[in-house]
Protein chains: 2
Amino acid sequence: SHIYAASKQMPDRVAIGPGDDMGAITVGRQTVLMTVDQVADGVHFRLENTPLDRVAHKAVVRNLSDVAAMAAVPLGAVVAASLPETLHESQANELFDAMREVAERYDCPLVGGDIAVWSGPLILTVTIFADPAGVEPVLRSSAQLGDHVYVTGQLGGAWDETGAGPHLTAEPRLAVARALALEPAIGLHAMIDLSDGLASDLYHIAEQSDVAAEIDTTAIPARPGSNFNGALTDGEDYELCFTASGAVPTAIEDVPITRIGRITPHLDRERITAVDAIGRAFPVTAKGWEHHAHG
Amino acid sequence: SHIYAASKQMPDRVAIGPGDDMGAITVGRQTVLMTVDQVADGVHFRLENTPLDRVAHKAVVRNLSDVAAMAAVPLGAVVAASLPETLHESQANELFDAMREVAERYDCPLVGGDIAVWSGPLILTVTIFADPAGVEPVLRSSAQLGDHVYVTGQLGGAWDETGAGPHLTAEPRLAVARALALEPAIGLHAMIDLSDGLASDLYHIAEQSDVAAEIDTTAIPARPGSNFNGALTDGEDYELCFTASGAVPTAIEDVPITRIGRITPHLDRERITAVDAIGRAFPVTAKGWEHHAHG
């Protein structure tokens with residue numbers, strides 16, 4: 001969409017333009033990263049089935065996950081809320097108190113906001129600012145040939161049919177990301193957070209890095225109850241996917257890290273392929289693994 | 001509301017917390033200001049009667065007006081959009097192109113965004129970052145006894161019954177604000193932008209400065225077709241209201257500046273009073289001038 005189109009007149013201070021997990025602007029000697037995300041009733045949560053503190057949690061964590069994807073440190077946030085007329089003031093207060101609490105847990109104070117009451121559904125829009133804090137922001141576009149591909153945690157089935165599930169309790173992988181970026185032996189190159197689903201999100205890394213990626217179907221850490229295709233396409237995992245050339249630990253701060261594949265040259269084929277247990281390769285699209293169509 | 005409640009654990013880097021036109025965070029040697037505002041169909045514009053480029057204009061200018069209120073310089077912005085399913089892709093592109101264009105006119109590149117398509121009405125949420133750029137951010141809380149009160153431009157009637165009107169074409173008073181702040185002889189103390197209406201917005205200055213303000217009913221620059229009460233309460237003017245102790249010019253860059261009253265001690269009465277042509281004082285509330293009730 002045009003929202004991602006870089007301006008022709010982008011000033012020099014724009015260190016990272018639209019299209020990564022966060023944009024960045026350099027002012028004085030400081031670079032500040034920023035990202036915005038919204039959660040809407042009926043799209044990102046179902047208010048009728050979801051406690052308000054879980055809605056608040058998701059609204060904030062969704063953004064903190066983008067901060068993690070840049071290996072940055074949160075500085076602060078502002079929140080805009082469109083509240084349905086049916087929401088009581090005590091519920092609105094519960095919502096804001098819960099947002100403040102989860103943000104503070106990650107040292108990310110809320111420094112401003114805008115509230116409107118309207119006839120539509122609940123929407124919360126959170127904008128977060130972050131500090132690279134001594135680390136070059138980790139882009140989507142810097143995967144290198146020979147890198148392996150990794151994910152944190154478990155994927156798939158984050159959203160059940162009632163709207164509940166792990167997407168409401170995810171924790172942003174801020175500490176893992178900092179540890180990855182600060183250890184030179186790991187050779188961290190590219191990173192993205194998993195919001196749309198591994199297939200879509202790894203595609204962004206591959207496309208923006210002008211490479212391809214091969215996923216080992218037997219390696220994917222699918223959440224219990226989910227499966228390989230769910231892990232590829234369900235989304236809302238808020239885990240990290242990254243590429244690295246060095247020695248990557250199998251866990252950081254109790255968060256498992258799984259090697260799921262490797263970066264390859266981009267030849268005349270799909271950006272993302274999945275290789276099954278007997279070595280057959282199948283194209284992967286945003287809709288998942290086209291195993292059945294080809295197998 | 002609780003969204004404005006300062007956290008108990010606000011870290012030292014929060015230079016300006018919730019409750020002013022912008023919040024501020026200091027990182028390294030740099031302070032960065034930030035504010036978020038949303039515009040929603042049916043609340044801040046009427047999509048059926050409003051060209052998309054005007055919606056885009058208002059969404060961006062509303063925030064740039066907050067930047068002006070701090071006498072700061074825009075650095076960049078991120079946009080979140082909730083698009084109704086009925087909006088065509090070409091219309092969405094027109095909207096984003098128009099937002100980018102107006103933002104760029106004020107040297108404020110869009111560096112990121114989030115788009116969701118949903119069954120609700122159009123909402124645009126813009127977050128802007130700004131640089132104090134050598135000027136102490138001008139707070140609402142620093143009005144002083146003896147200051148005079150000024151407004152830029154003309155007030156009232158910015159929104160007509162069809163949803164059209166000057167609120168869709170307002171220009172942010174960035175250059176005026178910088179000129180005011182950079183000239184020591186002006187003695188600029190407190191400033192706010194006029195979005196809710198002069199009565200409400202001047203009340204914020206008075207309350208947060210622990211003073212009162214007296215408005216001269218004969219001095220208010222009401223827009224043609226509006227009147228004193230419209231100027232007090234209609235809102236959506238996106239002009240500046242400020243207090244200063246020195247010599248204030250009657251115009252800056254062709255924008256008229258009008259002295260409308262003075263800051264007084266806060267005694268046991270309304271924060272804002274209006275004094276009529278024969279010297280009678282009447283309380284002013286967010287609902288306007290209670291002349292009739294008392295006169």
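Values quoted throughout were computed directly from the atomic coordinates according to the rules given, and no laboratory measurement underlies them. Computed from a predicted model, the values in this text were never measured in an experiment. Note that each Cβ is placed from the backbone with ideal geometry, even for glycine, and that neighbours are counted across all protein chains shown.
Quick notes
- The calculated pair-distance distribution of the protein assembly as shown uses every alpha carbon pair, bins of 20 angstrom beginning at 0, and gives 20, 51, 23, 6, 0 percent.
- The amide H of residue B:222, built 1.01 Å from its N in the peptide plane, has B:155 as neighbours under 5 Å, considering only residues 5 or more places off or on other chains.
- Sequence-separation-based contact order of chain A, relative, with Cα cut under 8 Å and 6+ spacing, percent: 20 percent
- For region A:221-232, Karplus couplings with θ = phi - 60° (6.51, -1.76, 1.60), whole Hz, Gly/Pro x: x, 6, 5, x, x, 9, 8, 4, 6, x, 4, 6
- Nearest-first distances (nm) between copies at residue A:183, label 7 Å from Cα via Cβ: 6.0
- P(r) weight above 18 Å for region B:45-110, C-alpha pairs, percent: 36 percent
- The protein assembly as shown: Lys pairs at Cα distance under 27 angstrom, eight or more positions apart or on different chains: 4
- Residues whose placed amide H lies under 5 Å from that of residue A:21, excluding near-sequence neighbours: A:140
- Derived scalar couplings between HN and Hα for region A:60-65 equal 7, 5, 3, 7, 4, 5 Hz in order, rounded to whole Hz, by the Karplus curve 6.51 cos²θ - 1.76 cosθ + 1.60 (θ = phi - 60°), x for Gly and Pro.
- Convex hull volume of chain A per residue (C-alpha atoms, cubic angstrom): 149 Å³
- For residue A:101, the label point sits 7 Å beyond Cα toward Cβ; its separations from the matching points on the remaining copies run 4.7 nm, from shortest to longest.
- Applying the Kirkwood pairwise sum to the alpha-carbon positions of region B:1-124 produces a hydrodynamic radius of 15.8 angstrom.
- Sorted shortest first, the distances from the residue A:29 label point to those of the same residue in the other copies are 0.5 nm; each point sits 7 Å from Cα along Cα-to-Cβ.
- For residue B:71, residues with placed amide H under 5 Å, excluding near neighbours: B:138
- Distance from region A:154-182 to region A:11-42 (C-alpha centre basis), Å: 22 Å
- DSSP beta bridge pairing in the protein assembly as shown, given as percent antiparallel to the nearest 5: 80 percent
- Dipole magnitude of the protein assembly as shown, debye to nearest 20 (Cβ charges: Lys/Arg +1, Asp/Glu -1, about Cα centre): 740 debye
- For region B:81-88, the Karplus equation 6.51 cos²θ - 1.76 cosθ + 1.60, evaluated at θ = phi - 60°, returns couplings of 10, 9, 9, x, 4, 7, 7, 6 Hz by residue, with Gly and Pro reported as x.
- Once each of the trypsin sites (Lys or Arg not before Pro) sitting in a DSSP loop with at most 13 other beta-carbon atoms within 10 Å is removed, chain A keeps A:30-268 as its longest stretch.
- Counting only alpha carbon atoms, the long axis of helix B:198-209 and the longest principal axis of chain B meet at about 70°.
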